[in-house]
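> Here's a structure for you.
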Amino acid sequence: MTQRVGVYPGTFDPVTNGHMDIISRARHVVDKLIVAVHSNAGKGPMFSLDERTALLRDEVTNANNGLADWVEVRPFNKLLMKFVEEVNASCILRGLRAVSDFEYEFQMAGMNARLNPEIETVFLMASERQQFISSRFVKEIAKLGGDVSSFVSPRVLAKLGDKVGHPAP
Ligand code: ADP
């Protein structure tokens, strides 16, 4: 039987519990998941591409639900559809939070469908508990010394503390 491979692309600056929830649930949709970390230099990320990739790899390796068996983390710096074709994936996975994500995701899925109609974009709705988590707010709260320990893992929390110069609470 052929393996169904999916690509979950994002900036992951940094990876949050919301991202990890989508990754774990992707098991219901694909046999193998490639988490594709985009350099996204234009977004002025807080963490370098190497740091974001390393943090995600740590999360996958340390997850106690066997993620490492079917999830691979790879950095990329090219057109997403080219990357998806190179790794022979059949779908792109994205997470969808409330209405705010919809317009951007709808446009991106539409453009990607034009680039390659064979590749479907599959959306997983954010879980109720993770719905309000975003990397952007995590960074803003951390910069101001707030407690983000319920949004990210202890490993990410420590790295955030290093970046913003506040110790993890
Ligand atoms: P991008 O810059 O590509 O939007 P992000 O790292 O912000 O990268 O997000 C990657 C994907 O994860 C997007 O599909 C986004 O909607 C989804 N996502 C982010 N946070 C959550 C969350 N809390 N719950 C579910 N999906 C999420």
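> Quick one: which residue in Leu49, Leu80 is in contact with a Ser or Thr (Cβ under 7 Å, 6 or more places away or on another chain) and buried (at least 16 other Cβ atoms within 10 Å of the Cβ)? Break it down into steps so the answer makes sense when it comes.
Values: Leu80 fails: in contact with a Ser or Thr (Cβ under 7 Å, 6 or more places away or on another chain).
Residue meeting the stated conditions: Leu49.
> Residue check: is Val148 among the β-branched types (Val, Ile, Thr) and open to solvent by 50 Å² or more (accessible area, probe 1.4 Å)?
Working: among the β-branched types (Val, Ile, Thr): yes; open to solvent by 50 Å² or more (accessible area, probe 1.4 Å): no.
Against the criterion (among the β-branched types (Val, Ile, Thr) and open to solvent by 50 Å² or more (accessible area, probe 1.4 Å)), Val148 does not qualify.
> Something else now. Given the options Val60, Val35, name the one that is in contact with a Pro (Cβ under 9 Å, 6 or more places away or on another chain) and either small (Gly, Ala, Ser) or under 24 Å from Ser149 (Cα atoms) (or both). Full working, then the answer.
Numbers: Val60 fails: in contact with a Pro (Cβ under 9 Å, 6 or more places away or on another chain).
It is Val35.
> Please report, ordered by residue number, the helices (runs of 4 or more DSSP H) entirely within the stretch 96-169 with at least 2 residues that are within 25 Å of Val7 (Cα to Cα) and within 16 Å of the ligand (Cβ to nearest atom). Even if it seems obvious, please write down each step before you answer.
On the way: elements: 102-115, 135-143, 154-164.
In the stretch 96-169, 102-115, 135-143 are the helices (runs of 4 or more DSSP H) which contain 2 or more residues that are within 25 Å of Val7 (Cα to Cα) and within 16 Å of the ligand (Cβ to nearest atom).
> Can you spot a residue in the stretch 123-138 that is open to solvent by 80 Å² or more (accessible area, probe 1.4 Å) and under 20 Å from Lys43 (Cα atoms)?
Going through the stretch 123-138, the residues open to solvent by 80 Å² or more (accessible area, probe 1.4 Å) turn out to be 125, 128-129, 132, 136-137.
Imposing the further condition that a residue be under 20 Å from Lys43 (Cα atoms) reduces the set to 136-137.
Yes, that holds for at least one residue.
> Checking the conditions here, which among Val37, Val7, Val73, Val30 is over 15 Å from the mean Cα position of the chain (by Cα) and open to solvent by less than 20 Å² (accessible area, probe 1.4 Å)? Full working, then the answer.
Details: Val37 fails: over 15 Å from the mean Cα position of the chain (by Cα); Val7 fails: over 15 Å from the mean Cα position of the chain (by Cα); Val73 fails: over 15 Å from the mean Cα position of the chain (by Cα).
Step by step, each of Val37, Val7, Val73, Val30 is checked, and only Val30 is over 15 Å from the mean Cα position of the chain (by Cα) and open to solvent by less than 20 Å² (accessible area, probe 1.4 Å).
The values are calculated or read from the model by the stated rules, or taken from the named source; none is laboratory data. Note that the structure is predicted; figures quoted are calculated from it, not measured. Cβ: placed from backbone, ideal geometry, glycine included. Neighbour counts: every protein chain shown. Keep in mind that these areas ignore ligands, DNA and RNA; they rest on the heavy atoms of the full protein, side chains included. Shrake-Rupley method; radii C 1.70, N 1.55, O 1.52, S 1.80 Å.
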